[in-house]
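Everything below concerns the one structure shown next.
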Amino acid sequence: MKKFLMAAAAGTLTGVVVTTQVAAPLLAQEATKATNVYEQLDLFGDIFERIRSQYVEEVDEADLIEAAINGMLTSLDPHSSYLSPDDADAMRVQTRGEFGGLGIEVTQEDGFVKVVSPIDGTPADEAGIEAGDFITHVDAESVLGLTLDEAVDLMRGPVGSEIVITIVREGEAEPFDVSIIRDTIKLTAVRTRTEQNTVVLRVTTFNDQTYKNLESGLAEQVEEAGGIENIRGIVLDLRNNPGGLLTQAIRVSDAFLEKGEIVSTRGRNPEDGDRFNATPGDLAEGKPIVVLINGGSASASEIVAGALKDHRRAIVVGTKSFGKGSVQTVMPLRGDGAMRLTTARYYTPSGRSIQALGVSPDIVVEQPRRAPDAENEDEQATGAFRSEADLRGRLNNDSLSEDEIRQIEEDNARAEEAAKLREEDYQLAYAIDILKGLTALNDSED
């Protein structure tokens, strides 16, 4: 028994010794790390003092500190940054849906400013700026080497003033200049219309008004159609939508889902993760949905597209989305400024991150670029095919009633309308054709 007690005591003592031997190096390592941090801070203070006292020109101390803070944040990823009091206020205004500028969402890539997407109906959109364009100069001044916020500051200016930006575009041999007149940007979060018995919900951004606009716009179109039974389906157009509020992306997804996960977020620590689920209720009452996306669909747009795709609630059509799968939290700072910090990644219901990968459409449909003389070519091509009805002196069809003749004329008018839409927006026309096919299939099954 004595031997057993001694062995146990020896074992306990050994454990204490081992723990001490392990803990001591760890404590020393932490102390060394802390010392290195203080040394680096001392180095920063030394550099700051030398710039302030010896730089060739007098500098503003507050600007130096702000630049250092912003440099620290922008070194993390393209979406983290410092917001000065003016920038923070502008961001709050933008979230509410009205702000001044060109109307483009931008990021930074290879030192240049890259257009995520132009916003519908804004000066940039009307000037022909496209998703994927690179902005290399602003008023002949290069943006290479500037931070994203500095480049954006160059593009800001009084409403009504002119700006010339130099664009590099894939497929174009040479850079070219685009002149834009700055304007007050008033965002209509959702535009609704009905095309060929299909409700088109064009979501341009995810701000405070998005879900409210979508709900009321859909209800209005259904009422004009005389009820949901007269609606073939819904096209949710998220093309060139740069994203916005996570809460609004969740609400829009929930609008068409009865249950299941919408999106999950995972931060640095496991306990910081979160999961958002759908609640019962479908605004579309089970009607088929096609979601349109392209390379300008980012962030919140990708959450919606990914959720509806993973739950097989919608067919996703278009081209691969932008691939911004991170969540930014805006944290207020002293002095009315703010810090935009990437705090989590988000994942679609299937558990897939789309960071740098994007959402892949179920059906890939490119939006063809029209050549200047394409209209004439189309007219010539159409004219090459004639039917019996076009021939002079043809025999009339004596087996049709007046109602049947009227039905044929209406069908022809709808066909002409569909052909016109294909010329204006091929991807949207394709989406509507898919819904026509689904409707026809469901009717035949009934």
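The values are calculated or read from the model by the stated rules, or taken from the named source; none is laboratory data. Just so we're clear, the structure is a prediction, and the values are computed from it rather than from any experiment. Don't worry about glycine lacking a Cβ; one is built from the backbone with ideal geometry, like all the others, and counts go over all protein chains shown. Side chains are part of the model used for accessible areas, which takes the heavy atoms of the whole protein and leaves out ligands, DNA and RNA. Shrake-Rupley method; radii C 1.70, N 1.55, O 1.52, S 1.80 Å.
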Tell me which residues, restricted to the range 188-212, are buried (at least 21 other Cβ atoms within 10 Å of the Cβ) and outside any strand (DSSP E or B). A189, T204, T205, T210, Y211
Which listed residue is on the phi > 0 side of the Ramachandran plot and at pLDDT 95 or above, from G318, G358: G318
Screening Q367, Q328 for residues that are at pLDDT 55 or above and within 30 Å of G171 (Cβ to Cβ) leaves only Q367
Within the bounds of the range 74-86, is there any residue that is part of a helix (DSSP H, G or I), within 25 Å of T342 (Cβ to Cβ) and open to solvent by less than 60 Å² (accessible area, probe 1.4 Å)? yes
For the range 274-296, enumerate the residues that are in contact (Cβ under 8 Å) with a residue 12 or more places away in the chain, open to solvent by 10 Å² or more (accessible area, probe 1.4 Å) and outside any strand (DSSP E or B). A278, T279, P280, G281, D282, L283, E285, K287, P288, N294, G295
Condition check for V178: in contact with a Lys or Arg (Cβ under 8 Å, 6 or more places away or on another chain), open to solvent by less than 60 Å² (accessible area, probe 1.4 Å) and either modelled with pLDDT of 95 or more or not β-branched (V, I, T) (or both): no
Find all pairs meeting these conditions: Cβ atoms under 6 angstrom apart; at least six residues apart or on different chains; first residue within the range 204-231 and at pLDDT 95 or above; second residue loosely packed, with under 13 Cβ neighbours inside 10 Å. I228/E285
Within the range 87-172, which strands (runs of 3 or more DSSP E) (wholly inside it) include 1 or more residues that are among the small types (G, A, S)? 98-101, 112-118
Looking at T136, is it touching a Ser or Thr at 6+ places or on another chain (Cβ under 8 Å) and crowded, with 16+ Cβ neighbours inside 10 Å? yes
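Okay, residues lined up against (1) over 21 Å from F276 (Cβ atoms); (2) outside any strand (DSSP E or B); (3) out of contact with any helix residue (DSSP H, G or I) (no Cβ under 9 Å at 6 or more places or on another chain); (4) not β-branched (V, I, T):
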{"residue": "S321", "(1), (2), (3), (4)": "no, yes, no, yes"}
{"residue": "V330", "(1), (2), (3), (4)": "no, no, no, no"}
{"residue": "L341", "(1), (2), (3), (4)": "no, no, no, yes"}
{"residue": "Y346", "(1), (2), (3), (4)": "no, no, no, yes"}
{"residue": "S350", "(1), (2), (3), (4)": "no, yes, no, yes"}
{"residue": "Q355", "(1), (2), (3), (4)": "no, yes, yes, yes"}
{"residue": "G358", "(1), (2), (3), (4)": "no, yes, no, yes"}
{"residue": "P361", "(1), (2), (3), (4)": "yes, yes, no, yes"}
{"residue": "P368", "(1), (2), (3), (4)": "yes, yes, no, yes"}
Considering only residues of the range 230-273 that are within 15 Å of Y347 (Cα to Cα) and part of a loop (DSSP other than H, G, I, E, B), which is most open to solvent (accessible area, probe 1.4 Å)? R268
When both residues are 6+ apart or on different chains and their Cβ atoms are under 6 Å apart, which pairs have a first residue that lies in the range 297-325 and is under 11 Å from V263 (Cα atoms), and a second that is aliphatic (A, V, I, L, M) and assigned to a helix (DSSP H, G or I)? A300/A249; I303/A249; V304/A249; V304/V252
So which pairs qualify, if the first residue must be in the range 413-428 and over 15 Å from V200 (Cα atoms) and modelled with pLDDT of 75 or more, the second must be open to solvent by less than 80 Å² (accessible area, probe 1.4 Å) and among the polar types (S, T, N, Q), the Cβ gap must be under 7 Å, and the two must be at least 6 apart or on different chains? E417/Q196
